[in-house]
Amino acid sequence: MFFCPIGRQWDLETPRVVELGRPPQSIRCAVTIRNKVWCGYRNRIYVVDPRMAKTEKWFEATSHPERQVRHMAAAGDGVWVSIRLDTTLRLFHDQTGQILQEVPLEPYVQKMLGCSASGVPFTQVSALAVQCNRLWIGTAGGTILSIPFSAGFSNHSGSSTASDGTLNDSELTSSTMPYCSTDYAQVCFHGHRDAVKFFVAVPGCISPGLPEVRETAGTLERSSGTQGTVLVMSGGEGYINFRIGDDTGDMDEGFGDLLLPNPRHRRAERSHLIVWQVQT
């Protein structure tokens, strides 16, 4: 851990070290939660205090020691976690580590894309992010899912625990807990030929002429001066439309000189960004 004293430069010479384990295992992911850092190491999640440079506690995200915590995404008072070789996402409370919700991905992928999308690659998580009050999930097979949080969710931490570390019913149903509304889960027909690598979001609007977009954006801008739409992007190798299968054409359409360095690469094989316009 590197520190930067107030009004001074970063101290790169004397870092503090917090050891969670020994090689060959490594920390696969980390996320900031309430001034603490959650670190995914093997099948456990370690809660680290960066100011004291020590581990406060740890708990098992899965009972299978051979599996690893791969991705974490925080929102409100919860953290969504994915496990390697596990097609189920789990929501943990950020103070107690209690599992609050489990979402299996396979039923949604099979329902939308059919039997051709069955199997581990299409449901094993390769990217995970929280954007626009939705959980965005990318899989090793290139499929992309988006699940909205429950109505009334507010992305602000505010819960507290009892003296024995438990949560009462009001806390578990708090508006700051990012429960997923699985009835409204969406699987995108547009995807990547290989694993989804990442998600990123920026304010913006591609189609301002749409009536519903124009009305929403105008209302938000008048009330708060903020942009009414956000562009959520996924990155990965290649492109495929799962409704029609692999793309075998479009060698040169719309790319011009960009194809000159690699003229033999088909359009579907090159790296793509897929962009969604989402209302905030």
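Across the stretch 180-189, rounded Karplus estimates of 3J(HN,Hα) from the backbone phi angles (6.51 cos²θ - 1.76 cosθ + 1.60, θ = phi - 60°) give 8, 8, 5, 5, 10, 5, 10, 10, 7, 6 Hz, Gly and Pro being marked x. A simple packing score, the average count of other Cβ atoms within 10 Å per residue, orders the peptides 56-65, 15-24, 177-186, 137-146 as 137-146, 177-186, 56-65, 15-24, with the highest score first.
Put a dot 7 Å past the Cα of GLN25, heading toward its Cβ, do the same for ASN241, and the two dots end up 4.6 nm apart. What the Cβ-Cβ distance of CYS4 and ILE99 gives, at R0 = 30 Å and to the nearest 0.05, is a FRET efficiency of 0.25. Only lysines eight or more places from LYS57 in sequence, or on another chain, were considered; those with a Cα closer than 19 Å are LYS36.
Take the Cβ atoms of VAL200 and ASP49, set R0 to 30 Å, and the FRET efficiency comes out at 0.55.
Derived scalar couplings between HN and Hα for the stretch 191-200 equal x, 10, 6, 10, 4, 5, 8, 6, 10, 8 Hz in order, rounded to whole Hz, by the Karplus curve 6.51 cos²θ - 1.76 cosθ + 1.60 (θ = phi - 60°), x for Gly and Pro.
Since every read-out is calculated from the coordinates, none of them should be taken as a lab result. None of the values given here were measured: they were computed from a predicted structure. FYI the Cβ positions are ideal-geometry reconstructions off the backbone, even for glycines, and counts take in every protein chain you see.
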